[in-house]
1. Just need a number here: residues in segment 118-147 that are closer than 30 Å to residue 15 by Cβ and exposed (fewer than 11 other Cβ atoms within 10 Å of the Cβ).
2. Scan (1) surrounded by fewer than 13 Cβ atoms within 10 Å (Cβ to Cβ); (2) closer than 20 Å to residue 148 by Cβ; (3) of a type in the set (S, T, N, Q) for the single condition residue 44 breaks and write down its number.
3. Just the residues that are acidic (Asp, Glu) and open to solvent by 50 Å² or more (accessible area, probe 1.4 Å), please, taken from segment 94-117.
4. Would you call residue 152 farther than 14 Å from residue 63 by Cα and among the charged types (D, E, K, R)?
5. Filter segment 20-69 down to the residues that are over 30 Å from residue 135 (Cα atoms) and either under 19 Å from the mean Cα position of the chain (by Cα) or at pLDDT below 95 (or both) and list them by number.
6. Among 91, 71, 80, which is the only one that is open to solvent by less than 90 Å² (accessible area, probe 1.4 Å), closer than 21 Å to residue 122 by Cα, in contact with a Phe, Trp or Tyr (Cβ under 6 Å, 6 or more places away or on another chain) and of a type in the set (Val, Ile, Thr)?
7. Considering each residue of segment 129-146, count those that are part of a loop (DSSP other than H, G, I, E, B) and either farther than 14 Å from residue 69 by Cα or among the acidic types (Asp, Glu) (or both), and give that number.
8. The conditions are (1) over 18 Å from residue 148 (Cβ atoms); (2) open to solvent by 50 Å² or more (accessible area, probe 1.4 Å); (3) not charged (D, E, K, R), and residue 6 fails exactly one of them. Which is it?
Amino acid sequence: MELSELDRRILRELQKDGRIPVVELAERLGIPATTAGERLKRLQREKIILGFRAEIDPAALGLDLLVFVEVLLDKTTPEVMDQFAAAIRRVPDVLECHMVAGGFDFLIKTRARDMADYRRFLGNIWNMAGVKETRTYTVMEEIQSANRLPVR
């Protein structure tokens, strides 16, 4: 689907505040509310907007420890890669997991309460079939973190 400049403006506004009423969105964009509502429905129908969710402060949940984990598998066959991907999807503490090219196979992002909580998480990773090696990177300070995409 080709995005118009108006679609892009709508997306930028919604990334700032996903709970904005359609009437207020229309006012910010200088368009009729019916136009804003129709565009919003179309963006959802076309799966450009995948959903709406609350952004929660990790510290409020006691999840102060942010960790990235490199995972190297013992084999890079499609079967082993698929098996690992299926297993990692079942781990609720995984915030993100990406198959990557380079010196390792997957990069995982997770949050934990403390190092003991993280060690429990890592033990689950080590017990997955095909895992040969992991490397952990604990974040000392988050410089920039955003769930927003650059809508150009």
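1. Here the count works out to 8.
2. (1)
3. If the condition is that a residue be acidic (Asp, Glu) and open to solvent by 50 Å² or more (accessible area, probe 1.4 Å), then 96, 114 are the ones that fit.
4. yes
5. The answer is 44, 47, 48, 49, 50, 51, 52, 53, 54.
6. Values: 91 fails: in contact with a Phe, Trp or Tyr (Cβ under 6 Å, 6 or more places away or on another chain); 80 fails: in contact with a Phe, Trp or Tyr (Cβ under 6 Å, 6 or more places away or on another chain).
Of the residues listed, the single one that is open to solvent by less than 90 Å² (accessible area, probe 1.4 Å), closer than 21 Å to residue 122 by Cα, in contact with a Phe, Trp or Tyr (Cβ under 6 Å, 6 or more places away or on another chain) and of a type in the set (Val, Ile, Thr) is 71.
7. Of the residues in segment 129-146, 9 are part of a loop (DSSP other than H, G, I, E, B) and either farther than 14 Å from residue 69 by Cα or among the acidic types (Asp, Glu) (or both).
8. All conditions are met except number (2).
The values are calculated or read from the model by the stated rules, or taken from the named source; none is laboratory data. Just so we're clear, the structure is a prediction, and the values are computed from it rather than from any experiment. Don't worry about glycine lacking a Cβ; one is built from the backbone with ideal geometry, like all the others, and counts go over all protein chains shown. Heads up: the accessible areas ignore ligands, DNA and RNA and are worked out on the full protein's heavy atoms, side chains in. Shrake-Rupley method; radii C 1.70, N 1.55, O 1.52, S 1.80 Å.
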